[in-house]
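The values are calculated or read from the model by the stated rules, or taken from the named source; none is laboratory data. Because the structure is a prediction, the values reported are computed rather than measured. When we count neighbours, we look across all protein chains shown, and the Cβ atoms used for this are built from the backbone with ideal geometry, even at glycine. Note: areas computed on protein heavy atoms with side chains; ligands, DNA, RNA excluded. Shrake-Rupley method; radii C 1.70, N 1.55, O 1.52, S 1.80 Å.
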Amino acid sequence: MKRLTYPKWIDAYTKSMHQAFVGMTPADWGPLDFNQCFRALNGAFIEKLHEAIVQIKRKKIPAGEVARHFLSPSGFRAVFYFAVTEYAFSDHTKRAQAREVFDFFNGVLGRMFKKDIWAYESNVIHSENEVAALIRRTPWTKGSSDSARLVARLGNSASALSYALYRDYYVAESQEVYGPYDASSHFGPHHILVIKHYPKMRPIALWPQARTFRHADKKLYLIYEGVKMKCEFIGMHTRYEGDLMSGLRKYAVEIDGVFYNDPKAIKKKTEYIGGLAVKQWGLYRSMSKQDLKMKFLEWMCWSCRPLFELAGTDTGPSDTMMRNLKRARIADRIKMPAMMSYRKYLKSRDWEAYWLKDLYTK
Amino acid sequence: MDPVSPGALPGLVSFYKPSTLIVMNEKPILTGFAASQGVAEGRVKVVLDPHKIPTFKEGDILVAKVTEPSMIVIMNKAAAFVTDIGGITSHAAIIAREIGLPCVTDTKNATRLLKDRMRVRVDGTKGEVYRL
């Protein structure tokens with residue numbers, strides 16, 4: 001039997017990443033070419049992560065404790081991908097540092113998810129007991145095609161605000177879809193629970209005007225019959241089989257800990273949140289390229305803020321990060337063509353499958 | 001034709017009884033990726049600049065290069081989405097599947113070929129757009 005010369009997780013990770021890119025591309029993402037930003041950093045953020053990880057280890061904080069502090073597990077998964085990308089584009093002089101960062105992230109991800117760490121099919125952070133308890137304590141409302149659309153529009157408004165706050169690369173910070181969870185023992189055969197979570201919707205440290213936002217956290221609990229759900233690498237990249245409109249059997253809407261079941265109230269929230277999204281989006285018009293570069297660094301650090309806080313290290317961008325990015329020429333958008341085949345991807349020197357194996361085998 | 005679902009949007013024909021659907025023999029004027037299933041008819045509204053959202057009527061077909069959050073208000077009114085760029089997990093595709101609307105992505109040049117007020121049928125199951 002052929003022995004692997006690199007860690008086994010790389011195969012699972014690259015398989016899931018490739019699938020995600022096939023689903024996402026062709027793409028046009030903004031408000032900057034973030035890949036050029038990662039290249040410009042040349043490992044400066046990995047260095048910042050490493051500094052924090054050294055402190056976490058020194059303080060003997062277990063991986064499970066770190067995992068508990070991240071409200072957006074998919075966001076953490078995305079941060080891992082960004083760190084791999086930054087490493088791939090760097091001059092590769094800090095190999096040991098990069099390995100230590102990636103191994104640490106792997107350990108934390110292993111504690112976050114009950115299975116399928118790289119979300120090839122699912123995004124599962126709750127145990128069976130937790131799901132059963134959640135189903136029991138949730139005040140359910142009967143579902144219908146009308147209510148399915150009503151709740152979906154609320155989700156879409158929340159999603160729009162999330163995009164407006166974090167844009168295309170950091171959107172997983174405030175959008176999670178968990179599941180599918182088997183709900184058949186409570187609701188009958190072929191029933192699943194899907195949870196949509198929109199945390200961090202009032203990020204005052206990133207956007208001071210968010211102080212006036214009425215809500216910080218939204219959750220939608222959805223019980224479907226005859227619907228299959230899967231997701232690709234991050235929770236919000238969902239794919240469904242079956243009719244989401246006629247298949248919704250029960251739902252619950254929770255905003256900042258309060259449950260709503262009046263359609264008028266839900267519609268009002270949808271309009272309010274959608275209005276915030278449009279207003280927030282308008283802010284980008286007045287931002288210069290340099291402003292956007294700094295915002296990128298703020299997003300980057302924000303995504304790992306719990307890690308820096310636990311470590312006791314600085315939560316903002318380092319001088320090196322700011323210096324490297326400030327002088328770099330960065331395009332307005334990333335334009336990505338359709339993804340190559342998995343076979344080609346595995347061999348391509350342009351993608352992480354190659355770089356990661358190279359990192360661990362040399 | 002009576003809609004099966006009382007919640008069906010104006011212009012949305014995916015909920016109509018299959019026997020009453022008109023069989024299309026024409027060639028589609030656009031093809032792309034079938035990102036969200038269903039069929040809808042309506043008038044085209046092309047949005048080229050997400051910062052300048054035009055008047056958008058309930059049941060219009062949203063045509064854009066890509067969709068963005070600033071479009072959420074009109075996305076909640078649209079009967080279908082057609083985009084130049086995008087895959088199965090692009091923004092437009094995810095939103096369309098969530099609210100049960102047809103969506104065709106990766107058409108390459110929908111914003112160039114389709115014009116405002118043009119009546120079209122969007123077949124999100126086949127990834128095709130027909131002029132009516």
Checklist entry - Which of the following residues is without any contact (Cβ under 8 Å) to a residue 60 or more places away in the chain, open to solvent by less than 30 Å² (accessible area, probe 1.4 Å) and within 17 Å of the chain's Cα centre (by Cα): A:66, A:108? => result A:108
Item to check | Considering residues of segment A:29-55 that are open to solvent by 10 Å² or more (accessible area, probe 1.4 Å) and within 14 Å of chain B (Cβ to nearest Cβ) only, the residue farthest from residue A:352 (Cα to Cα) | outcome: A:31
Checklist outcome for this item: Counting only residues in segment B:31-53 that are of a type outside the set (A, V, I, L, M, F, W, C) and within 14 Å of chain A (Cβ to nearest Cβ), the one surrounded by the most Cβ atoms within 10 Å (Cβ to Cβ) is identified as B:36
Checklist outcome for this item: By residue number, the members of segment A:71-101 that are under 17 Å from residue A:198 (Cα atoms) and surrounded by fewer than 22 Cβ atoms within 10 Å (Cβ to Cβ) are A:71, A:78
Item to check | Single match in A:335, A:326, A:362 (criterion: open to solvent by 90 Å² or more (accessible area, probe 1.4 Å) and under 25 Å from the mean Cα position of the chain (by Cα)) | outcome: A:335
Next on the checklist: I'd like the full set of residues that are surrounded by 15 or more Cβ atoms within 10 Å (Cβ to Cβ) and more than 9 Å from chain B (Cβ to nearest Cβ), limited to segment A:274-293.
Outcome noted: A:276, A:292, A:293
Checklist entry - What tally of residues in segment A:71-110 results from selecting those that are of a type in the set (Val, Ile, Thr) and not in a helix (DSSP H, G or I)? => result 1
Next on the checklist: Tell me the residue from A:230, A:200, A:196, A:219 that is closer than 24 Å to residue A:80 by Cα, under 22 Å from the mean Cα position of the chain (by Cα) and more than 14 Å from chain B (Cβ to nearest Cβ), please.
Outcome noted: A:200
Checklist entry - Can you find even one residue in segment A:164-176 that is within 14 Å of chain B (Cβ to nearest Cβ), open to solvent by 10 Å² or more (accessible area, probe 1.4 Å), under 15 Å from the mean Cα position of the chain (by Cα) and acidic (Asp, Glu)? => result yes
Item to check | Matching residues, segment A:111-144, being in a loop (DSSP other than H, G, I, E, B), under 19 Å from residue A:68 (Cα atoms) and open to solvent by 20 Å² or more (accessible area, probe 1.4 Å) | outcome: A:114, A:115, A:116, A:117, A:125, A:126, A:127
Item to check | Of all residues making up segment B:75-97, the number that are more than 8 Å from every other protein chain (Cβ to nearest Cβ) and surrounded by 24 or more Cβ atoms within 10 Å (Cβ to Cβ) | outcome: 9
Checklist outcome for this item: A careful count of residues in segment A:11-28 that are surrounded by fewer than 18 Cβ atoms within 10 Å (Cβ to Cβ) and of a type in the set (A, V, I, L, M) gives 1
Next on the checklist: So residue A:256 passes all but one of these: (1) open to solvent by 50 Å² or more (accessible area, probe 1.4 Å); (2) of a type in the set (Asp, Glu); (3) at the interface with chain B (Cβ under 9 Å from one of its Cβ atoms). Which condition number does it fail?
Outcome noted: (3)
Item to check | Qualifying residue in segment A:297-311 (condition: open to solvent by less than 30 Å² (accessible area, probe 1.4 Å) and farther than 26 Å from residue A:56 by Cβ) | outcome: no
Checklist entry - From A:111, A:149, which residue is among the basic types (Lys, Arg) and within 12 Å of chain B (Cβ to nearest Cβ)? => result A:149
Checklist entry - Pick from segment A:187-197 the residues that are under 30 Å from residue A:170 (Cβ atoms) and out of contact with any His (no Cβ under 9 Å at 6 or more places or on another chain): which of them is surrounded by the fewest Cβ atoms within 10 Å (Cβ to Cβ)? => result A:192
Checklist entry - Just checking, how many residues over segment B:98-111 are surrounded by 24 or more Cβ atoms within 10 Å (Cβ to Cβ) and more than 9 Å from chain A (Cβ to nearest Cβ)? => result 6
Checklist entry - So residue A:350 fits all but one of (1) modelled with pLDDT of 90 or more; (2) closer than 22 Å to residue A:101 by Cβ; what number is the exception? => result (1)
Next on the checklist: Condition first: among the β-branched types (Val, Ile, Thr) and within 21 Å of the chain's Cα centre (by Cα). Can you find one or more residues in segment A:302-319 that meet it?
Outcome noted: yes
Checklist entry - Between a first residue in segment A:195-213 that is under 23 Å from residue A:134 (Cα atoms) and a second residue that is surrounded by fewer than 17 Cβ atoms within 10 Å (Cβ to Cβ) and modelled with pLDDT under 95, which pairs have beta carbons less than 8 Å apart while being 6 or more apart in sequence or on different chains? => result A:199/A:71; A:200/A:71
